[in-house]
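A.B. asks: Just dropping this structure here.
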Amino acid sequence: DYLVEIGGEVRASGHPATAGAWRIQIDAPVESADSVIHERLDIISLTGGAVATSGNYRKYRTDSTGRRTVHTINPRCGLASPSDVLSATVTAPDCATADGYATAMVSAGYAASLGILENHPELGAFLVYTDTEGHTHTYVSPGLKSVLKEIKR
């Protein structure tokens, strides 16, 4: 039984001695000029597999119109580009897959992320995104709903 976290990617197997499953916190995308804030958005209950989160709420730039450009390079154009996905948490069998898809979803945006999830039902995802008016929303894929414990909405 183990839980290993390295640089934001988590791999788990089995369960802790004191509980039925490992509990992994999903941070809310909260901005702070002074420090990193770890405010809980939800908890994932995990007994196997991997979790990774990518986001654009800590490292980004804003242009003169207020449009946010993420720090992730979009492979389609070779540049950092705007994205409406603030945070993507993905569960997968291994860390490389979870991290790759989480990063891709932040880069691709909300609509494209839904397409990725439709084509990959083996993934679970918790997306935090903004609409055209700047309001924040969440999306939980069907594959992830069963392992969430404390949804704050």
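Laboratory data are not the source of any read-out in this text; all were calculated from the coordinates shown. Just so you know, these numbers come straight off a predicted model, no measurement behind them. Positions of Cβ are generated from backbone atoms using ideal geometry, with glycine treated the same way; all protein chains shown enter the neighbour counts.
A.B. asks: So if we plug the beta-carbon distance of residue 120 and residue 23 into 1/(1 + (r/R0)^6) with R0 = 25 Å, what FRET efficiency do we get, rounded to 0.05?
C.D. replies: Computed FRET efficiency for residue 120 and residue 23 comes out at 0.50.
A.B. asks: Pop a pseudo-label 7 angstrom from the Cα along the beta-carbon direction at both residue 3 and residue 47 and give the gap in nm to one decimal.
C.D. replies: 1.5 nm
A.B. asks: Cβ neighbours within 10 Å, averaged per peptide: list 107-115, 131-139, 82-90, 17-25 in order, most packed at the top.
C.D. replies: 82-90, 107-115, 17-25, 131-139
A.B. asks: For residue 148 and residue 15, what is the calculated FRET efficiency with R₀ set at 25 Å and r taken between the beta-carbons, to the nearest 0.05?
C.D. replies: 0.90
A.B. asks: Name the long-range amide H neighbours of residue 28: under 5 Å, sequence gap of 5 or more, or other chain; modelled H, no Pro or chain starts.
C.D. replies: For residue 28, the qualifying residues are 39, 40, 41.
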